[in-house]
1. On C-alpha positions alone, give me the angle between the axis of helix 109-118 and the longest principal axis of the chain, in degrees, nearest 10.
2. Which whole number of Å³ per residue matches the convex hull of the alpha-carbon atoms in the chain?
3. Relative contact order for the chain: what is it in percent, counting Cα pairs under 8 Å that are at least 6 residues apart?
4. Place a +1 charge on the Cβ of each Lys and Arg in the chain and a -1 charge on the Cβ of each Asp and Glu, then give the dipole magnitude about the Cα centre in debye, rounded to the nearest 20.
5. Restricting to Cα pairs below 8 Å that are 6+ residues apart, what does the relative contact order work out to for the range 105-214? Please round to a whole percent.
6. Would you mind computing the Rg to Rh ratio of the range 248-299 from its alpha-carbon coordinates, Kirkwood style for Rh?
7. Shape of the range 72-154 from its Cα gyration tensor (a ≥ b ≥ c, root eigenvalues): rounded if a/c is under 1.5, otherwise prolate when a/b > b/c, or oblate?
Amino acid sequence: MFLSIPYVSEKVWGYERWIASAHAVGNSVADKDSEPVYAGRTLGDITGGDFPLLVKLIQANDTLSVQVHPDDEYARRVENTYGKTECWYILDAVPGATLVCGLNREYSRAELEAALKNGTIADCLKYVPVSKGDFVFIPAGTVHAIQGGLRLLEVQEPSDITYRLYDWGRPREIHVAKALEVTKCSAPEPVRNFSGVFSCDYFRLEKCVVSGSGSASGERSAVVGGADKGEPVVQMPGNRKEASAVLFILEGEGTLSSSRGTELSVKPEDTVILSADETVSVMPVAGQNLSYMKITFPA
């Protein structure tokens, strides 16, 4: 178990913190106070580069470009990398915040090309109002844009491939031809009012809440009573021995105690990475609830 220190990427619209990343562009690093075998090492070094997720904390002060990501087949054939299916969990949102998720109807490629040419592409987008606690799934091929006033947790395949379709007049490179090649004309309705669990072929998210009195809510299979003290215990599955699960602290403070003997104090927006063979006890500060997002991937 170790506390992850993010790779920070500054953007014209805000910033990204790559909180769990073994990507060549930027690795997260194990905090110096973590288990000694991990302390100071990058996630890529710890896992041998074999980590199938990229998890980010995104602060959008301004609107991002309208973009689309390729699926695995296209990305491997054209870019020699993973595709990019992703999801967003909204951590905070200004009143009236929206984001773009898909198109507002089915369009042909010729119609989208015409809209780009005549400057009306913004009228083709589907704008979705969002607030704290909402969840949005973005399969590869979905046109999308995070808009200003949002802070969110992003979980995705370990890819940095983005095709910009439109950038609101900003003088940055756009990738119209490739974007139109991979765009799916229709997208599924976004998942809203997060139920607490979501899974797809690439990742699984589970929101867990642990009370200071030692009880727990959420999926009982993931948070169960401890054998000795009655505190909740998290047993993490996974197929990467040294990094099989990510815990992102949503609210509250407390202590995580590993079966390996490591103990970490945690607070909101801390990220902890667990190994496949360890059990971790979660103990909130007395009188508080501690909630976290558990992120895992298929074996």
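No value in this document is a laboratory result; all are computed from the given coordinates. Model, not experiment: these values are computed from the prediction. Positions of Cβ are generated from backbone atoms using ideal geometry, with glycine treated the same way; all protein chains shown enter the neighbour counts.
1. In the chain, helix 109-118 runs at an angle near 80 degrees to the longest axis.
2. Working: hull volume 37.5 nm³, N = 299.
Dividing the Cα hull volume of the chain by its residue count gives 125 Å³.
3. On the way: 791 pairs, mean separation 55.4, N = 299.
Rounded, it is 19 percent for the chain.
4. Working: 29 positive and 39 negative charges, 88 e Å.
The dipole of the chain has a size of about 420 debye.
5. Working: 76 pairs, mean separation 34.1, N = 110.
With pairs under 8 Å counted, the relative contact order is 31 percent.
6. On the way: Rg = 11.2 Å, Rh = 11.6 Å.
So for the range 248-299, dividing Rg by the Kirkwood Rh gives 0.97.
7. Details: a/c = 2.62, a/b = 1.20, b/c = 2.18.
The shape class here is oblate.
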